[in-house]
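First the structure, in the form of structure tokens, and then the observations on it.
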Amino acid sequence: MSTIDRLLEHNASYATGFAQGRLASAPAGRVAVVSCMDARLRIDAMLGLSEGDAHVIRNAGGIVTDDVIRSLTLSQRLLGTREVMLIQHTDCGLTDLEDAEVADTIERDTGVRPPFALGAFPDLEANLRLSIGRVTASPFLPHRDAVRGFVYEVGTGRLREVS
């Protein structure tokens, strides 16, 4: 059985007892969380979130890209979020990469160079501060006064705020 087939079996079980179909699309906590896609980060569990509490936007590195700004813009302007929580983490695979080297490998394998930045970074806290700055500088976001960044320590499960 494939992993997707196992996931579909779980979904069938989940749907049997599902009782959240009437939740509003606007998150009850009026917060958007941007985090890394790393499978070790269980955002709902680490933050005590339930269905309907927050928008969770994930990508490689938890980096604030143009697409993250797009999602945050819609989250704030159409669905009422007011706070942004950024979560990056220790032991991130992007800290060990060089964009150019990975792009070279992809180009050799495919014949096409990726048109997007891969987002490698050598300094976690500096990268988090850069992402905070991208959110607070965005003219598209009406609510930029409650933007906070955190490092998730994969060894302990704790969040550490970075200012």
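Enumerate by residue number the chymotrypsin sites (Phe, Trp or Tyr not before Pro) in region 78-157 meeting two conditions: DSSP loop (anything except H, G, I, E, B), and at most 14 other Cβ atoms within 10 Å of the site's Cβ. Mind showing how you got there, number by number?
Working: sites: PHE116, PHE140, PHE150, TYR152; in loops: PHE116, PHE140.
Sparse-neighbourhood loop chymotrypsin sites (Phe, Trp or Tyr not before Pro): PHE116, PHE140.
How high is the FRET efficiency from THR105 to GLN20, r the C-beta distance, R0 30 Å, rounded to 0.05? Intermediate results must be reported in sequence, preceding the final value.
Details: r = 43 Å, r/R0 = 1.42.
For THR105 and GLN20, the calculated efficiency is 0.10.
How far, in nm, would the chain grow between ALA126 and THR90 when pulled straight, counting 0.36 nm per residue and subtracting the alpha carbon separation? Mind dumping the intermediate values first?
Numbers: separation 36, 0.36 × 36 = 12.96 nm, distance 1.28 nm.
Here the answer is 11.7 nm.
Tell me, Kirkwood radius of region 27-162 from alpha-carbon pair distances, in Å?
Values: mean 1/r = 0.0641 Å⁻¹.
Its Kirkwood hydrodynamic radius stands at 15.6 Å.
Pick from SER25, SER50, SER131: which is most flexible by mean-square fluctuation in a GNM of the chain where alpha carbon atoms under 10 Å apart are linked?
Looking only at SER25, SER50, SER131, the biggest GNM fluctuation is shown by SER50.
Note down the net charge around VAL154, summing +1 for each Lys or Arg and -1 for each Asp or Glu among other residues with Cβ under 9 Å from its Cβ.
Values: positive: ARG40; negative: ASP38, ASP91, GLU153.
Net charge around VAL154: -2.
If you stretched the chain out fully between THR136 and ARG113, how much longer would it get, using 0.36 nm times the residue separation minus the C-alpha to C-alpha distance? Present the calculation step by step, with values, prior to reporting the outcome.
On the way: separation 23, 0.36 × 23 = 8.28 nm, distance 3.12 nm.
Contour length minus the Cα-Cα distance gives 5.2 nm.
Name the residues of region 72-100 whose amide N is less than 13 Å from a point 7 angstrom out from the Cα of ARG42 along the C-beta direction?
none
So which residue, out of LEU118, LEU79, LEU47, gets the largest mean-square fluctuation from a GNM of the chain using Cα contacts under 10 Å as springs?
LEU47
Tell me the label-point distance for the pair ARG148, SER13, using the 7 Å Cα-to-Cβ offset, in nm and rounded to one decimal.
Going by the 7 Å Cα→Cβ label model, 3.5 nm.
Under a GNM of the chain (C-alpha, springs under 10 Å), which listed residue has the highest mean-square fluctuation: VAL84, VAL34, VAL56?
Result for the chain, Cα springs under 10 Å: VAL56 fluctuates most.
Only the coordinates and a few stated rules stand behind these numbers; no lab work does. Everything quoted here is computed from the prediction, not taken from an experiment. Every residue, glycine among them, receives a Cβ derived from its backbone with ideal geometry; neighbour counts consider all protein chains shown.
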